[in-house]
Amino acid sequence: MLSRVANNLIWLERYMERGHGILSLLKVNFYANQDSPELFPWTPIIKNYTDLNNTFYTENTVECLDFMVFNAENPNSILNIVTRARENARGVQEHISRELWICLNNYYLFLTKKNLRKKLISGDPIEFIDNLRNFHLMFYGTMDITQERGAPYYFLNLGKYLERMILVSDFTAIKLTEISKTTDKLEQSFYWKNLLLSMGGYQLYLKKYKSAFKEDHIISMVFQEKLFPRSLYYCVNKLNFSVGKLIDGGQLGKNHIEFSLGKLESTIKYTTIESINNQGLDNFITQIKKDIRDISININTIYFSEIN
C-alpha cells in the first residue's frame, strides 16, 4: 500500500479520535465548571489544545466552547479537525466504505451550516456538544459494521489507538497539574472523578471498586485495566494486533515499532503501583508519553519513507 494512502488512513482516524476526546473533555468540564469554576477553569484546556502562539484565553464558557469548536485559527478546533479528517478521507475514498465517507461528509456539512454557530451561542451548550459527539459515535459504528477487515481497517486502527493513548496521557497529565495545587483530599477526588468522566470510565470504576476515588485505583484502571477500552494497556494491545495483521499481510515489514510497542506494553503491564509511587506519577507519565511519541515517530517514518 502506498505511503500516502496509509498516512491518510492513519490521520483520518487520529483526527476523529481527537475530536471525540476533546468534545468529551469539553462536556465534562462544562458541568464541573458550573459547580466549581475555581477548580475547573477553561484555561488549561485551551492551553493544552492550541498552538504555542495562541493568545486567546477566556473563562467565559460560551466563548471558550466557540473557540474550541469553530475558531479557524485554532488547529484543534472541531471544525478544523473534521475538515482535515474529511480531506484525508477524500484522498482514500476507494479504500474506505461508501457509508463511512457519507458519515464523515455529513458531519462536515453539519458543522459548516450557516447558522450553526448561533445555536451554540443562544442554545443549550450540552445539547450542542452531544449532537457533535453523536457524529463521532456514528462514525465508530459505521466503521465497525461496514469497513472490510483488510489493510485499510488496520491502518485506521493504528491511528485510532495511537491517538487515544496520546489523549489518555494528556488528560491524566492535565489533572495531575491541577491535583498538585491542592492538598485537600476532597478536591483531589473531584479531579480524579473528572478524569474518569472525561475518559468514559466512571461507570466501570464504580462497578469494579465500589469506593471513593483513590489514586492507586484510578491509575490502575487508566493504565492497566484490560477491559477498559481507553486504558493504555487496552490500546497498546490493539496497536500490537493491528501491526501484526499488517506484517502478516505484507503491508508492513518487521521494524523498530514492534520493539517500541513491546517495551511500552511491558512497562504498563508489569509496573506496580508501588513502583509508580516511588518514581512519582508525573515521572511515570512523562516516560509513557515519551514512549508513545517514539511509536508515533516510528509510524510516521515508516509511511513517509519505507512503503513504496
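The values are calculated or read from the model by the stated rules, or taken from the named source; none is laboratory data. Bear in mind that the values here come from a model prediction, so they are computed numbers and not experimental data. Note that we place each Cβ from the backbone using ideal geometry, even for glycine, and neighbour counts take in every protein chain shown. Note: accessible area is taken over every heavy atom of the protein model, side chains too, but ligands, DNA and RNA are not part of it. Shrake-Rupley method; radii C 1.70, N 1.55, O 1.52, S 1.80 Å.
Some notes on this structure:
- Taking the chain as a Gaussian network of alpha-carbon nodes connected by springs under 10 Å, the highest mean-square fluctuation of the residues 183, 267, 58 belongs to 183.
- Dipole of the stretch 149-307 computed with +1 at Lys/Arg Cβ and -1 at Asp/Glu Cβ about the Cα centre; of 297, 157, 256, farthest Cα towards the positive end is 157.
- Most mobile of 266, 189, 242 in a GNM of the chain (Cα contacts under 10 Å): 266
- Cα gyration tensor category, rounded, prolate or oblate, for the stretch 109-223 with a/c compared to 1.5: oblate
- Taking a ≥ b ≥ c as the square roots of the eigenvalues of the alpha-carbon gyration tensor, the chain is classed oblate because a/c is 1.5 or more while a/b is no larger than b/c.
- Full-extension gain in nm, residue 43 to residue 187, via 0.36 nm per residue minus C-alpha separation: 50.0 nm
- Carbon-plus-sulfur accessible fraction, the chain (probe radius 1.4 Å, protein heavy atoms only): 51%.
- Restricting the GluC sites (Glu not before Pro) of the stretch 1-45 to loop positions (DSSP other than H, G, I, E, B) with no more than 13 neighbouring Cβ atoms within 10 Å leaves 38.
- The stretch 199-308: trypsin sites (Lys or Arg not before Pro) in DSSP loop, at most 10 other beta carbons within 10 Å: 210, 226, 254
- Computed over the chain, relative contact order equals 23 percent, with contacts defined as Cα pairs under 8 Å that lie 6+ residues apart.
- Neighbours of residue 147, meaning other residues whose beta-carbon lies under 12 angstrom from its beta-carbon, give a summed charge of -1 when Lys and Arg score +1 and Asp and Glu score -1.
- Stokes-Einstein D for the stretch 149-307, Kirkwood Rh over Cα pairs, 20 °C, 1.002 mPa s (µm²/s): 129
- The chain: DSSP helices with Cα axial extent of at least 27 Å and average Kyte-Doolittle hydropathy no lower than 0.0: 125-146, 151-179
- Positive contributions from Lys and Arg (+1) and negative ones from Asp and Glu (-1), summed over other residues with Cβ under 11 Å from the Cβ of residue 285, come out at 0.
- Dipole of the chain, positive end: most advanced residue of 174, 128, 93 [Cβ charges, Cα centre]: 93
- Euclidean distance between Cα centres, the stretch 92-165 to the stretch 196-221, Å: 28
- Alpha-carbon centroids, the stretch 222-265 and the stretch 18-45: separation in whole Å: 30
- With a Förster radius of 51 Å applied to the beta-carbon distance between residue 226 and residue 114, the computed FRET efficiency rounds to 0.65.
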